[in-house]
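> I'd like to ask you about the structure that follows.
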Amino acid sequence: SQAGYILLAVIGGTPFGMTSLVFYVLVYMAANLAAFGVIASVEQHSGGKVAIEDYNGLYRTNPRLTVAMTLALFSLAGIPPFAGFFSKFFVLRPLPQRIPLLVFIALLNTVISLYYYLLVVKAMFITPGEHPIPTFRSDRGTRLSLALCTAGVLLLGIASVVYDSIGAFAFGM
């Protein structure tokens, strides 16, 4: 689904679409690195647990990892004010006049993706775990990379206002 947004930016065929593509890929990379960093850390410290049910109650034992995963998933889902929302918005903005059906399909896909991302968030925060993942402390490198990626998801959301202003000035949008 995320690759579809990359194709939409290319299909847009405008200079602003190409800069939107670069921004989208940067945001997508930060959010995915954060999400998969949490998954790898949990898997490493819990004996290979990777099913959604294994994340039930993760917030009770590992709140920082849960918050990092939630922020990454919210960005991937395109929830404002996270960077993923703005990156999708910038990709879709020039398309409604040219290809309205593709915009509708992209938005529908976003809603469907959000449902699945929220299942993971629900498991981590709300659903109690029968066999919760024990509390653990990730190594320094993992903590640093997760902090940088999570900060990227947040800061790129804030920076998107600057990006949009520059794009509007440069491309007259």
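The values are calculated or read from the model by the stated rules, or taken from the named source; none is laboratory data. None of these values were measured; they are calculated from a predicted model. Virtual Cβ from ideal backbone geometry, glycine too; neighbours counted across all protein chains shown.
> Let me spell it out: the conditions are (1) in a helix (DSSP H, G or I); (2) of a type outside the set (D, E); (3) surrounded by fewer than 17 Cβ atoms within 10 Å (Cβ to Cβ), and V50 meets all of them except one. Which number is the exception?
It fails just one condition, (1).
> Still on this structure: Name the one entry in A3, A9 that is touching a residue at least 12 places away in the same chain (Cβ under 8 Å) and of a type in the set (A, V, I, L, M).
It is A9.
> Which pairs have Cβ atoms under 6 Å, sit 6 or more apart or on different chains, and link a residue in segment 47-63 that is on the phi > 0 side of the Ramachandran plot to one that is surrounded by fewer than 20 Cβ atoms within 10 Å (Cβ to Cβ)?
G57/P128; G57/G129; G57/P132
> Run down L154, L146, L118 and say which single residue is aliphatic (A, V, I, L, M), at pLDDT 85 or above and in contact with a helix residue (DSSP H, G or I) (Cβ under 6 Å, 6 or more places away or on another chain).
Testing whether each residue is aliphatic (A, V, I, L, M), at pLDDT 85 or above and in contact with a helix residue (DSSP H, G or I) (Cβ under 6 Å, 6 or more places away or on another chain) leaves just L146.
> Does A72 count as under 19 Å from L114 (Cβ atoms) and out of contact with any Phe, Trp or Tyr (no Cβ under 6 Å at 6 or more places or on another chain)? So that I can check it myself, show each step before the final result.
Values: under 19 Å from L114 (Cβ atoms): yes; out of contact with any Phe, Trp or Tyr (no Cβ under 6 Å at 6 or more places or on another chain): yes.
Criteria met by A72.
> Is it fair to say A72 is out of contact with any Cys (no Cβ under 6 Å at 6 or more places or on another chain), closer than 30 Å to G17 by Cβ and surrounded by 20 or more Cβ atoms within 10 Å (Cβ to Cβ)?
Yes.
> For segment 53-75, which positions are in a helix (DSSP H, G or I) and either in contact with a His (Cβ under 9 Å, 6 or more places away or on another chain) or of a type in the set (A, V, I, L, M, F, W, C) (or both)?
As a first pass, look at segment 53-75 and keep what is in a helix (DSSP H, G or I): 53-55, 58-61, 63-75.
The answer is D54, L58, L65, V67, A68, M69, L71, A72, L73, F74.
> Sticking with this one: Kindly indicate the residue of segment 24-42 that is closer than 21 Å to I105 by Cα and not aliphatic (A, V, I, L, M) and also modelled with the lowest pLDDT among those meeting that condition.
Filtering segment 24-42 for residues that are closer than 21 Å to I105 by Cα and not aliphatic (A, V, I, L, M), the one modelled with the lowest pLDDT comes out as Y24.
> When segment 119-150 is examined, which residues are found to be outside any loop (DSSP other than H, G, I, E, B), more than 18 Å from Y55 (Cβ to Cβ) and not small (G, A, S)?
Step one: of segment 119-150, the residues outside any loop (DSSP other than H, G, I, E, B) are 119-125, 140-150.
With more than 18 Å from Y55 (Cβ to Cβ) added as a condition, the list becomes 140-141, 143-145, 147-149.
Result: R140, R143, L144, L148, C149.
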